[in-house]
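What follows is a short report on a single structure.
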Amino acid sequence: MNQLIRRVKRHRSTCIFGGLLTASTAAADMTGGLFSELDYLTDIPQVVSATRLPQQLTQAPAAITIIDRAMIDAAPVLRVEDLFRLVPGMQSLSVTRNTSMVTYHGVADNFPDNLEVMVDGRSIYLPFLSTVDWSGLGLSLDDIDHIEVVRGSNVPAYGSNAFLGAINIVTRSPLAEAGSSARLLAGSQQERQFEARHAGYSEDLDYRLTTGYRSNEGSALFEDSQTIRFANLSVAFTPTLQDTLDLQLGINQTEMLVGSAVSADEQFVPADIQSNYQYLRWGRELDADRALQLTLSRNLIDLSMPEFKAEELILREFAQVNDMETALQLARLQGIDGVAIWSDSAMGRATTTEFELQYTQHLTPQLGLMAGAGYRWETVNSPMQLTGEQRINEERSTLFSNIQWQYNEQLVWNLGGMLEHFSATQYTRLSPRLALNYLLTERSALRASYTRAYRMPSLLEANLKSTIYNRDGQPWNVLTVNNPNLKPEQLDSYELGSYWRSDSGQLELDLRLYYEQISDGMRDRFYLHPVDHDGYYSRKENIASWRNRGLDLQLKLQPWQNAMLWLAYGYQDVKGGYFEGIQPFPADATRGGVQQLDSAAPAHTVSLLYNQQLDPTWRYSVANYFMSDTNWPEGGARSSFWRTDLKVSHQLVASSKWLVESSVLVQNLFDRDYAEFYPFNKFDRRAYLQFAVKAR
Amino acid sequence: MWLKRFIDGLHPWQGLVFWLLLLVVPELQARNLVVLSQDRAIYRDVAREVAQHYSGSLQVTTMSQLKAAPNLLASRTDITVAVGAAATEYLLQVLPVSRRLLATFLPESSWRRLSEQYGSRWPRRDRLSAIYVDQPLERQLALARLIMPAARTVGTVVGQATQPRLGKLAEVARKYQFELVHRSLAQLDNPVKRLQPLIQRSDIFIPLPDQAVFNRTTAKWILYIAYRQRVPLIGFSRKYVEAGAVAAVYSSPQQLGRQGGEFLQRYNVSAGPLPKAQFPRYYSVISNRVAARSLQLLLPSDAELSRQLKEQVR
């Protein structure tokens, strides 16, 4: 009985082109005015994520990592989320065989809530889980043009979820591709992947359709298999010279077994996740200096888990109970026989509809302005987590702006802010950022910035309340109690950064020194309950505070012909914690007392990627990852590990029209015995064989 | 130089008077005024190269400084140099028409537009000259011929400002055994719809620089469609090549400054008419190896391409 509740509580406690073609067109710098000589010059990669204004990397108020097509092709990865192992300061972990978590600067459990993830500016963060469902991404690696990762709070540009960082996955335009391609992969643990893509065009429209199927049988210990089916369509339409319309539709279905690999005899339960999205973006270049963008999007996710009767759950969960008779008796004793309980609280149905308007203008050659407003409507049904509510609706409104002022040849100021109001709490917050960039040369800069950011409670966090009732309708076990006064989390972030690129472009160095102070962090606080079944309950409160300080280092080098070397190093020192409640808790000895966060992030992370093109047809790449000891909330204490992955590819011109690429991919080449998050999800050695056929 | 000899020959007190006069009478200081459009490194680079290749002395100022202190313009007979379109426009309006103006570092289309707009103020057009920042059509087509010897059709797209150049382009294309295919794009046209069949029909594509909005919007579509159709692009700038054009002919600020300096060296001394506006004399070829490889084009080195090109257009 206690185990049952602990399990439920655990989940409750975890509630929660030619690269850059989009920005590299001829004149998106600060000249304003008619076509002039300045359009010919400047050669730094341009980014949009930091402020929504097209800016050069040296002028952006944040540290940005760009994962381009070359890196995506080189990296020995199977899934999109694995690419983030290459970003300094970021951790991408295999939680269970088929679930992942991606976080920046640690201090997160398997539902990290401090990182915004977007696809073409559309957020894929789930408000009712307070996290991102990577299995529902619905994208092929081939659909991606590049990824912009903002290392550092990006709330001033994109709002609450971008508390410590933001990821924007930019997909390839349907205009960039033509013809069909197919990919087949097979390997360890019955991994089977099949993808087919087709890009075509009619007189007026250009489109690309991607369909995919992925499945594997899961780890040997838990047999936590997964099957994913997805399709996405991207359409581009240019009605006039100044207007562009992009339409994206996607659908995804995941069937998998979920659980927490905390013990060897953990029972995984089947989950069925259906999701779909619709996204429309209209961009208009008003004139040489001004542009307007309007986006409309809708995300729908339906996460269903099996519902068990209490006695069924008892039979499943407890090793000592071997027959239904006994289970039923135990249930009757408690008065919960026949009561429906979901085995995992992270389930329900959520719809998010969002509308956003963004305006950019070069006021003068030195002054750039971005301003916008957004509105989001969220609806969630989640019986387990929002007991007693049919549906919860919340609205989020935002007003945001950024001004870039080029004071002189060397100095660039950026001042931005996001004003956010969320109906679930009575708080409205302004998150500002001020940054100063000193341009040493055209290709290198120093940067200092300060950001004050607020993370609004998500719909789930603000409304969370969970009680199991017995047959007579009386509360049998109060799990969580709602906190109507939940405040936003607060971040004060100071950083010093430098970016340097050599004249030839062969060496790029990015260094970020940071100090992040987080206060009013939301955590579960446990209290004794006089009459409840296990004697306690929890409530989400603003009780945690910690500080991060450290550095992110990123180096990209082309040491010799046809080779690329990438090095990412992160050093982090965390200090802080929170008081969870007075010990001891009758039912759960691990609860209560002071929870330290000092080792909730790895002190050192290193990623190394080396890619070498041997001759026109052969290529190989090696990746090495290292992470030092970490005590992950929920996951537990993991010792340091390092791992090597390898990929070897061969390209063959099969005919005048087709190209065939075969690859061998091995992950954890040296079969190191280690786990990344949960103790019993060990990452074994895996090998795969892949064939891809592309139209030339 | 005669000034120096004159000064050396003076008695000390005569020399003192002379220097005092020099301070009071600025027009005796034979310095050419160079006006930069903005206080930026690129413009200063041009000015620096001009100075390096000119034995006279220069006074470099920016347009905003000049607006604040217009007396800097006060009567000199020597050539005034504008660096960039903005400075050119300003000087065309305020420079006394008895003076001579060399506009440098601006596109041909900008010079044409500005000289039409303000030309009525200047009775003697031979007091005006320019050194463009963009390349003559001959060079671009010769480069196209070098990149793709077997190509038959060359495609281009024009906006409102470049429409007048079509005739000349067709003529130069014929000279290099190309058939020209072209379309124009107006504001209300669907650019992708019009570019797609055009690029498809082209063996090689050369977009011409037009107004900013036109360039900004079309460059994106042209790059995508040319890449998809496997049609090599000849860009008109370094940035274009970095974004995916196979190659471009390009003059750096240093090369343009050098030509400016040599121009001053030759024409400043005489008070006569200035030659017609000219294209850059010094240029290099830059290429995008990745783009070339994806198009199955085997290109020699940039230096070799440059040499071959110079031979062609000699």
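Of note:
- Dipole magnitude of segment B:20-174, debye to nearest 20 (Cβ charges: Lys/Arg +1, Asp/Glu -1, about Cα centre): 300
- Long-range HN-HN contacts of A:Asp120 with modeled amide H, under 5 Å: A:Ile169, A:Val170, A:Thr171
- Computed from Cα positions, the angle between helix B:302-313 and the longest principal axis of chain B comes to roughly 80 degrees.
- Sorted into 10 angstrom bins from 0, the C-alpha pair distances of segment A:262-321 split as 15, 24, 18, 14, 12, 10, 6, 1 percent.
- For B:Asp134, the residues 5 or more places off, or on other chains, whose built amide H falls under 5 Å of its own are B:Glu108.
- Ranking B:Arg152, A:Arg214 by solvent-accessible area of protein heavy atoms (1.4 Å probe, all protein chains present), from largest to smallest, gives B:Arg152, A:Arg214.
- Backbone HN-Hα couplings from phi across segment B:294-301 [Karplus 6.51/-1.76/1.60, Hz, Gly and Pro as x]: 5, 9, 6, 9, 9, 9, x, 5
- Mean separation of Cα contacts under 8 Å (6+ apart) over length of segment B:188-314, as relative contact order %: 21
- Karplus-derived 3J(HN,Hα) values for segment A:430-435, using 6.51 cos²θ - 1.76 cosθ + 1.60 with θ = phi - 60°, are 10, 10, x, 9, 10, 9 Hz; glycine and proline are entered as x.
- Probe 1.4 Å, protein heavy atoms only - accessible area per residue of the protein assembly as shown in square angstrom: 39
- The B:Asp39 and A:Leu507 beta-carbon pair, evaluated with R₀ = 25 Å, returns a calculated FRET efficiency of approximately 0.25.
- Label-to-label distance, nm, for residues given as A:Val648 and B:Gln254 (7 Å Cα→Cβ offset): 4.5
- Most fluctuating residue given options B:Thr162, B:Thr104, B:Thr88, as computed from a GNM of chain B linking Cα atoms under 10 Å: B:Thr162
- Percent accessible area from carbon and sulfur atoms, segment A:112-196, protein chains only, probe 1.4 Å: 52
- Positive-pole candidate from B:Gly261, B:Tyr224, B:Gln278, dipole of segment B:210-314, charges at beta carbon: B:Tyr224
- Remark: relative contact order (segment A:574-645) = 23 percent; criterion is Cα-Cα distance under 8 angstrom and separation of 6 or more residues.
- Computed FRET value (nearest 0.05) for B:Ser120 with A:Gln274, which takes r as the C-beta separation and R₀ as 60 Å: 0.25
- Rounded Å value of the spacing that divides the Cα centres of segment A:220-248 and segment B:245-269: 49
- With the charge dipole of segment A:396-492 set up from +1 on Lys and Arg Cβ and -1 on Asp and Glu Cβ about the Cα centre, the Cα lying farthest toward the positive end among the listed residues A:Leu430, A:Leu446, A:Asn402 is that of A:Leu430.
- Cβ charges +1 (Lys, Arg) and -1 (Asp, Glu), total dipole of segment A:609-696, debye: 420
- Close Lys pairs in segment A:448-587, defined as Cα atoms under 28 Å apart and 8 or more places apart or on different chains, number 5.
- Taking all pairs of distinct alpha-carbon atoms in segment B:192-303, Kirkwood radius in angstrom: 16.0
- Karplus-derived HN-Hα couplings along segment A:621-628 (A = 6.51, B = -1.76, C = 1.60, θ = phi - 60°), whole Hz, x at Gly and Pro: 9, 10, 10, 10, 10, 9, 9, 7
- Between A:Thr227 and A:Trp500, full extension at 0.36 nm per residue minus the direct alpha carbon distance yields a gain of 93.9 nm.
- For segment B:172-196, backbone nitrogen atoms closer than 19 Å to the point 7 Å from A:Asp204 Cα along Cα-to-C-beta are found at B:186-196.
- GNM flexibility winner over chain B from B:Gln52, B:Gln140, B:Gln296 (Cα, springs under 10 Å): B:Gln296
- On full extension, the segment bounded by A:Arg685 and A:Phe355 gains 114.3 nm, given 0.36 nm per residue less the C-alpha separation.
- Pairs of Lys in chain B closer than 18 Å at Cα, counting only those 8 or more apart or on different chains: 4
- For the set A:Leu300, A:Leu528, solvent exposure ranked by accessible area (probe 1.4 Å, protein chains only) runs largest to smallest as A:Leu528, A:Leu300.
- Local electrostatic count, A:Val648, Cβ distance below 14 Å [Lys/Arg +1, Asp/Glu -1]: -2
- The A-B contact accounts for approximately 4700 Å² of buried accessible area, totalled over both chains at a 1.4 Å probe radius.
- Principal axis analysis of the Cα atoms in chain B yields extents of 78, 42, 32 Å, listed in decreasing size.
- Computed label-point distance, nm, for sites A:Thr428 and B:Ala186 using a 7 Å Cα→Cβ extension: 4.7
- Furthest towards positive pole of dipole, A:Pro365, A:Gln253, A:Val235, structure part segment A:231-369, Cβ charges: A:Pro365
- When the residues A:His529, A:His421 are ordered by accessible surface, computed with a 1.4 Å probe over the protein chains alone, the sequence from largest down reads A:His421, A:His529.
- For the protein assembly as shown, size of Cβ-based charge dipole, Lys and Arg +1, Asp and Glu -1, in debye: 4240
- For the protein assembly as shown, the Cα-based Rg and Dmax, in that order, read 32.9, 127 Å.
- Once you reduce segment B:203-242 and segment A:73-118 to the center of their Cα atoms, the two points are 37 Å from each other.
- Rounded to 10°, Cα long-axis angle of helix B:12-24 versus longest principal axis of chain B: 50
The values are calculated or read from the model by the stated rules, or taken from the named source; none is laboratory data. Everything numeric in this text was worked out from a predicted model, so none of it was measured. Backbone-built Cβ (ideal geometry, glycine too); neighbour counts: all protein chains shown. Quick note on the areas: whole protein, heavy atoms, side chains included, nothing else; ligands and nucleic acids left out. Shrake-Rupley method; radii C 1.70, N 1.55, O 1.52, S 1.80 Å.
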